[in-house]
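A.B. asks: Submitted below is the structure of interest, expressed as structure tokens.
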Amino acid sequence: MTGAPTRRRDQILVEAARLFAQHGFHGTSIDVIGSAAGVSGPAIYRHFPSKEGLLAEMLVGISEYLLDGARTIVAAHPDPEGRLAALIAFQVEFALHRPELITVQDRDLASLPEDSRRRVRALQRAYVEVWEDVISRVGPARSPEEIRTAAHAAFGLMNSTPRSAAHTSAAVAGPVLATMVRAAVAA
């Protein structure tokens, strides 16, 4: 990260995520991001070393946020059922309120420099492992492969929101997704 976060820096990240989700990483210029964030394109380089650096900070940052959030939830909830419910609520909230980051991650991860891509993948694996551990403690005994499949099915449901819940309010979609995810991991 380059220095302490600032409102302008955060605004650039938000606008870049929105624009990358709409037009793709390669279809979005620095000038367009700058304009959306209220600065000139070249002013972005005061906050990020490059467009790739901006994407790296975005995807590494959100991966760190998700992993830290999951670990905090696990530490705060001694009951496995409570942990699972809190993890589901956390991911559903993220998916419903930041769907552009899911789209960017899905579509533009390959545009990251190799070291950043490896970092994102490692963080994602750790996040899935937290979920697998929690799922393994809820419901019937299952094989590691079944638990991994349940975790990925849960992510598939929750992370489908950029497409499935785009025209539905979070108040409606959230409970539906949480119920479906709970059923998916229990099956």
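The values are calculated or read from the model by the stated rules, or taken from the named source; none is laboratory data. None of the values given here were measured: they were computed from a predicted structure. Please note: Cβ atoms are built from the backbone with ideal geometry, for glycine as well, and neighbour counts cover all protein chains shown. Note: areas computed on protein heavy atoms with side chains; ligands, DNA, RNA excluded. Shrake-Rupley method; radii C 1.70, N 1.55, O 1.52, S 1.80 Å.
A.B. asks: Could you list, in sequence order, all residues of the range 48-65 that are polar (S, T, N, Q) and assigned to a loop (DSSP other than H, G, I, E, B)?
C.D. replies: Ser50
A.B. asks: Further, regarding this structure: Just need a number here: residues in the range 99-116 that are open to solvent by less than 60 Å² (accessible area, probe 1.4 Å), part of a helix (DSSP H, G or I) and more than 19 Å from Asn159 (Cα to Cα).
C.D. replies: Qualifying residue count, the range 99-116: 2.
A.B. asks: Can you confirm whether the range 64-81 contains a residue that is within 28 Å of Ala184 (Cβ to Cβ) and among the hydroxyl-bearing types (Ser, Thr, Tyr)?
C.D. replies: Looking through the range 64-81, at least one residue is within 28 Å of Ala184 (Cβ to Cβ) and among the hydroxyl-bearing types (Ser, Thr, Tyr).
A.B. asks: In this structure, does Asp133 turn out to be among the charged types (D, E, K, R), open to solvent by less than 20 Å² (accessible area, probe 1.4 Å) and out of contact with any strand residue (DSSP E or B) (no Cβ under 7 Å at 6 or more places or on another chain)?
C.D. replies: It is false that Asp133 is among the charged types (D, E, K, R), open to solvent by less than 20 Å² (accessible area, probe 1.4 Å) and out of contact with any strand residue (DSSP E or B) (no Cβ under 7 Å at 6 or more places or on another chain).
A.B. asks: Can you tell me which residue within the range 22-60, out of those that are open to solvent by 60 Å² or more (accessible area, probe 1.4 Å) and of a type in the set (Ser, Thr, Tyr), is nearest to Ile102 (Cα to Cα)?
C.D. replies: In this case the residue turns out to be Ser35.
A.B. asks: Another question, then. Please indicate, with yes or no, whether at least one residue in the range 120-131 is under 19 Å from Tyr65 (Cβ atoms) and among the basic types (Lys, Arg).
C.D. replies: Yes; the residues of the range 120-131 include at least one that is under 19 Å from Tyr65 (Cβ atoms) and among the basic types (Lys, Arg).
A.B. asks: Turning to a different aspect of this structure: Can you go through Ile88, Ile44 and tell me which one is within 18 Å of Thr161 (Cβ to Cβ), among the β-branched types (Val, Ile, Thr) and either outside any loop (DSSP other than H, G, I, E, B) or more than 18 Å from the chain's Cα centre (by Cα) (or both)?
C.D. replies: Ile88
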